[in-house]
Amino acid sequence: MDTSLKESPAWRALQDHHDVLKNTSFSSILLTDQDRIETFKCHCEGVHLNYALNTVTQKTLDLLVRLANQQNVREACDRMFRGDKINLTENRPALHVALRQQNDSPIFVDGINILDQVRTTQKRLTETVEKIRSGQWRGRTGKPIHHIVNIGIGGSDLGPRFAVRALDTYVSALDLHFVANADAFDLLSVLKKCDPESTLFVVVSKTFTTQETLLNAYTARQWLIDQGGDKGLDRHFIAVSAQPEKVKQFGIPLDQTFPIWDWVGGRFSLWSAVGISLALAIGMTHFQQLLAGAAAMDHHLSHTPFEKNMPILLALLGIWQRNFYHTQAQAILSYSERLREFPRYLQQLEMESNGKTVTRDGNFTDYATAPILFGECGTVGQHSFHQLLHQGSDIVPVDFIGIAHDDLYHPHHHHVLLTNMVAQAGAFAFGQLHAATPHDIYVGGRPSNMIVLDRLDPYHFGILLALYEHKTFIQGVLWNINSFDQPGVELGKRMARDLQEKTTPQSETELFLAKFFNKNFPNINKP
């Protein structure tokens, strides 16, 4: 058991401070500091963070910054940008930041300047996207492409899917669809909307062995064959993978295959060719604006003092709530219908990255790591689980996400959204202690952050995504865990393969699972 973090000077100082602060009412902390709305805020290029409704004082912030310094956060950031192999278990860099770098300063991995590979791929991506959007790329019967079906799962699905919805007002020319689930209904419900003569499938799999993705890809190929034979199938497929030979065996030409490199993790890969479906939806000009927004946040992380550094502050505030107030969950409440998919996206980003109990040194932690994330867009959540957030037995910190400018030109709707967001944050914080009956009492003390984008456009959206990427990485540094691997996703997948492929169980576990499967599904149709 690794006890070094909890016994460190900065951690012990925070614990002592918490022991004093916990006896002070939340409302008195907020109301006795009239300047905190101005003090506890920061911004980056039109994305603003206000954390005044947190259980923090200036001393809390000073001690949290001390923790960041003790854990060498600045050095960790420098190592990431430099291309050091910070993904220790897989002996790789984590260089998603290189994908949106705005200059051509070289970054070397094993002696190779990867910026050359990035620029070459971006050029190919631009040519392909413009060819498809302009109608030059045609299916096997000569029809231009109208439907794009992205087939992937995890980071090959959640990022592009979320981004296409979030930037819906920029989508033109093509109909976008996403398929991830092995359940045939997911694919079949999409195919019902598509014309086989004008549909292009984008198959995204880093290894090109992902079971769900290949299952759907082969079924999609068979659908095309059933509709018109097996000639010219390649006109209806593009791939993104690190295994071009496996893609070629599937039947997709190499010149229609885009690379994804092992120094890019799936949940950090939207900025690469994995984002081709998004680029097809919004066009390369807007896709480049997305990259520029993320690069602005990269610069902010690298050059802004900790006291005004958005991702570092978000990470530290999360540590404060998770490890000192012992909260177990966090809610993401986006007051924008276009950001409805944000909680699902963050569930992978944060829970797959930091849902671990083993440190970078190979020891088990004696402190909590990633909380459970959930959420919904406002005002929908107010009529469901907000009841628990207001009066439940667990305190759940909240991130509110709002958009300042109404680009839909419905000011009354927008005013209702934003007033509800601020009112919810206030009700969580201050509560209501004087009421006619106990049922009407709200104890308050529910902390929240408020993140406001000037506009929901590609640039500011890029800033928002990079903000949470960096927050996730910084929390991994603070907890001393590797945020860039995901060994925990493999065990269940391996057991599923064993059930599917082995006729004779090879272990007591396999024997038990085989019996369990056969007893519950005795009449299952085997392929």
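The figures follow:
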{"quantity": "Rounded, prolate or oblate (a/c below 1.5 giving rounded, otherwise prolate when a/b exceeds b/c) for region 326-451 by Cα gyration tensor", "calculated": "oblate"}
{"quantity": "Percent of beta bridges antiparallel (DSSP, the chain, rounded to nearest 5)", "calculated": "30"}
{"quantity": "Net charge over other residues, Cβ less than 13 angstrom from the Cβ of Ala180 (K, R count +1; D, E count -1)", "calculated": "-3"}
{"quantity": "Helix 310-319 vs. the chain, principal-axis angle (Cα, 0 to 90°, nearest 10)", "calculated": "70"}
{"quantity": "Region 374-527 - charge dipole about Cα centre, Lys and Arg +1 at Cβ, Asp and Glu -1, debye rounded to 20", "calculated": "600"}
{"quantity": "Leading residue at positive end of dipole, the chain (Cβ point charges), from Gly492, Phe258, Thr24", "calculated": "Phe258"}
{"quantity": "13 Å cut-off, amide nitrogen to a point 7 angstrom out along Tyr367 Cα→Cβ, residues in region 305-319", "calculated": "316-319"}
{"quantity": "Residues whose placed amide H lies under 5 Å from that of Val203, excluding near-sequence neighbours", "calculated": "Ile151, Ile238, Ala239, Val240"}
{"quantity": "5 angstrom amide H check on Arg92, placed H, neighbours 5+ away", "calculated": "Asn87"}
{"quantity": "Kirkwood hydrodynamic radius of the chain, from inverse mean 1/r over distinct Cα pairs, in Å", "calculated": "24.9"}
{"quantity": "Potential lengthening between His299 and Ala329 on full extension [0.36 nm per residue; Cα-Cα distance subtracted]", "calculated": "7.8 nm"}
{"quantity": "17 Å cut-off, amide nitrogen to a point 7 angstrom out along Glu307 Cα→Cβ, residues in region 51-72", "calculated": "51-52, 56-70"}
{"quantity": "For peptides 340-350, 10-20, sequence by mean Cβ density within 10 Å, most packed first", "calculated": "340-350, 10-20"}
{"quantity": "Furthest towards positive pole of dipole, Gln122, Gly228, Gly142, structure part region 96-285, Cβ charges", "calculated": "Gly142"}
{"quantity": "Gap separating the Cα centres of region 276-298 and region 209-274, nearest whole Å", "calculated": "22"}
{"quantity": "Using θ = phi - 60° and Karplus 6.51 cos²θ - 1.76 cosθ + 1.60, couplings along region 91-101 (whole Hz; Gly, Pro as x)", "calculated": "6, 9, x, 10, 10, 4, 5, 5, 5, 10, 4"}
{"quantity": "Convex hull volume of region 475-527 per residue (C-alpha atoms, cubic angstrom)", "calculated": "133"}
{"quantity": "Extension gain (nm, one decimal) between Asn518 and Asp16, 0.36 nm per residue minus Cα-Cα", "calculated": "175.2 nm"}
{"quantity": "Helix 411-430 axis, angle to the chain major axis (alpha carbon atoms, nearest 10°)", "calculated": "50"}
{"quantity": "Nearby aspartates and glutamates by direct alpha-carbon distance to Lys206 (threshold 18 angstrom, same-chain neighbours under 8 apart not counted)", "calculated": "Glu90, Asp157, Glu245, Asp255, Asp262, Glu352, Asp485, Glu490"}
{"quantity": "Cα pair distances of region 317-388 binned at 5 Å [whole percent]", "calculated": "3, 15, 21, 20, 19, 11, 5, 4, 1"}
{"quantity": "Relative contact order (percent, whole number), the chain, Cα cutoff 8 Å, 6+ residue spacing", "calculated": "19"}
{"quantity": "Given Lys308/Lys471; Lys192/Lys493; Lys59/Lys85; Lys59/Lys471; Lys493/Lys519; Lys6/Lys59, the pairs whose alpha carbons are separated by over 24 Å", "calculated": "Lys192/Lys493; Lys59/Lys85"}
{"quantity": "Average silhouette area of region 73-205, convex hull of alpha-carbon atoms, in square nanometres", "calculated": "11.1"}
{"quantity": "Dipole in debye (nearest 20) - the chain, about Cα centre, beta carbon charges: Lys, Arg +1; Asp, Glu -1", "calculated": "880"}
{"quantity": "Amide proton proximity set for Ala329, modelled H, under 5 Å, gap of 5+", "calculated": "Ile372"}
{"quantity": "Estimated vicinal HN-Hα couplings, Hz - region 236-242 in sequence order (Karplus 6.51, -1.76, 1.60; Gly, Pro = x)", "calculated": "10, 9, 10, 10, 10, 6, 8"}
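Read the figures in this text as sums done on the coordinates, not as results from a lab. Model, not experiment: these values are computed from the prediction. Cβ: placed from backbone, ideal geometry, glycine included. Neighbour counts: every protein chain shown.
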